[in-house]
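The next block holds one structure in the form of structure tokens; read it before the comments.
The values are calculated or read from the model by the stated rules, or taken from the named source; none is laboratory data. Note that this is a predicted model, so its numbers are computed, not measured. Every residue, glycine as well, gets a Cβ built from its backbone with ideal geometry; the counts of neighbours run over all protein chains shown.
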Amino acid sequence: MNSSVIGKFAEDAVNFLFQHFRGGFDAFSAALGAVVKLLEDGLAAVPFVAMLVILMALAFWRRGVFFSVFVGLALLVIQYMGLWAQTVSTLALVIAATVFSLVIGVPLGIWGARNKRVEMILRSLLDFMQTMPAFVYLIPAVILFGLGRVPAVIATIVFAMPPVVRLTTLGIRQVREELLEAGRAFGSTDAQLLWKIQLPNALPSIMAGVNQTIMMALSMVVVASMIGAGGLGEYVLSGIQRLDIGIGFEGGLGVVLLAIVLDRLTESFGVKARKTKRVSRAAKAGANGVART
């Protein structure tokens, strides 16, 4: 089956990049691979018991005793299945992809919130990134970066970044105009308005974007395992290749447990931000009422 003119154009574009910028892609691949390897080695160096205590304490601080117990049981189940090393590898990949998605996505979201033309262009680009099948990202990623964790991280970034861009733009756009007018009345610059008014008030929306980015990154685990990402996805892929229900179920269960833990933890930061925002509004309303009397 031959591709059309559009497919030929995409193929030629990727080949052009590979032929003319191969050295740059190799250097970037080595740097990104070193970052992911360092992160994975750092997580793997922490003993399981220490990681168990740390995550349970974090869960208790953020969500309470019941979630802390759930986190402990989830990690013990993963350890019992012998999947702790794969879980650490998957966690390193997700953290790396999420951090790079935030570094790129949050500034793009801010830019889109401040410029309608940029926001229109970003919206079309993000629609393309979200609706394009995830498997398609793997082809150019493998051609440009080879097999392994690096193309897996690149493909995951492309797939997982749209939510944080969209929700950052939405959060900043929803900041009340009277807050911005008050800031301008006190002589705030655009940078001060952004850092002291817009971003703090948009934090619940941004944290929702972070949460969704993490979940979408996890959803790429199995897909990315096809190009050598390793981790839990490779375990699931092995079950599929062997038609082994047990291996596939254990790998899938590990992904589910990790997803629930990360989802509830990141969600708690957004919930706290929303509560802080409501308390701040109530305090301001009370102060205005006292001032009127």
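For L232, the conditions (1) within 20 Å of V150 (Cα to Cα); (2) surrounded by 22 or more Cβ atoms within 10 Å (Cβ to Cβ); (3) over 21 Å from the mean Cα position of the chain (by Cα) all hold with the exception of (3).
Among the residues that make up segment 162-185, is at least one of them of a type outside the set (F, W, Y), closer than 26 Å to Q19 by Cβ, assigned by TED's automatic domain parsing to the domain that holds D26 and assigned to a helix (DSSP H, G or I)? No; the residues of segment 162-185 include none that is of a type outside the set (F, W, Y), closer than 26 Å to Q19 by Cβ, assigned by TED's automatic domain parsing to the domain that holds D26 and assigned to a helix (DSSP H, G or I). Scanning segment 186-222 for residues that are at pLDDT below 85, assigned to a helix (DSSP H, G or I) and closer than 14 Å to V158 by Cα turns up S219, V221. May I ask you to verify whether I247 is in a helix (DSSP H, G or I), modelled with pLDDT of 90 or more and over 17 Å from the mean Cα position of the chain (by Cα)? Taking the combined requirement at face value, the residue does not satisfy it.
Results for (1) among the acidic types (D, E); (2) touching a residue at least 40 places away in the same chain (Cβ under 8 Å), shown as yes or no for each residue.
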| site | (1), (2) |
| --- | --- |
| F21 | no, no |
| F25 | no, yes |
| G33 | no, yes |
| V36 | no, yes |
| D41 | yes, no |
| P47 | no, no |
| V53 | no, no |
| A57 | no, no |
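Remark: pairs (first residue in segment 224-235, at pLDDT 80 or above; second residue acidic (D, E); Cβ separation under 8 Å; 6+ apart in sequence or on different chains) = S225/E234; Y235/E250. Summed over segment 85-107, the residues that are touching a Phe, Trp or Tyr at 6+ places or on another chain (Cβ under 7 Å) and surrounded by fewer than 17 Cβ atoms within 10 Å (Cβ to Cβ) give a count of 0. If you go through segment 54-70 and pick out every residue that is loosely packed, with under 11 Cβ neighbours inside 10 Å and either touching a Lys or Arg at 6+ places or on another chain (Cβ under 6 Å) or β-branched (V, I, T) (or both), you end up with 1.
Among the residues of segment 116-138, count how many are in contact (Cβ under 8 Å) with a residue 60 or more places away in the chain and either surrounded by 15 or more Cβ atoms within 10 Å (Cβ to Cβ) or part of a loop (DSSP other than H, G, I, E, B) (or both). Outline the logic, then answer.
Taking segment 116-138 and keeping what is in contact (Cβ under 8 Å) with a residue 60 or more places away in the chain, we get 134-135, 138.
Retained after the next criterion (residues that are either surrounded by 15 or more Cβ atoms within 10 Å (Cβ to Cβ) or part of a loop (DSSP other than H, G, I, E, B) (or both)): 134, 138.
Total meeting the criteria: 2.
For segment 1-55, give me each residue that is in a helix (DSSP H, G or I), aromatic (F, W, Y) and under 19 Å from I139 (Cβ atoms).
Result: F9, F16, F18, F25, F28.
Restricting attention to segment 31-53, the residues being over 20 Å from the mean Cα position of the chain (by Cα) and surrounded by 12 or more Cβ atoms within 10 Å (Cβ to Cβ) number 6. Examine segment 80-98 for a residue that is over 20 Å from the mean Cα position of the chain (by Cα) and polar (S, T, N, Q), and state whether such a residue exists. Within segment 80-98 (the criterion being over 20 Å from the mean Cα position of the chain (by Cα) and polar (S, T, N, Q)), the answer is no, since none of the residues qualifies. Total residues in segment 139-161 satisfying the condition of being of a type outside the set (A, V, I, L, M) and not in a helix (DSSP H, G or I): the figure is 2.
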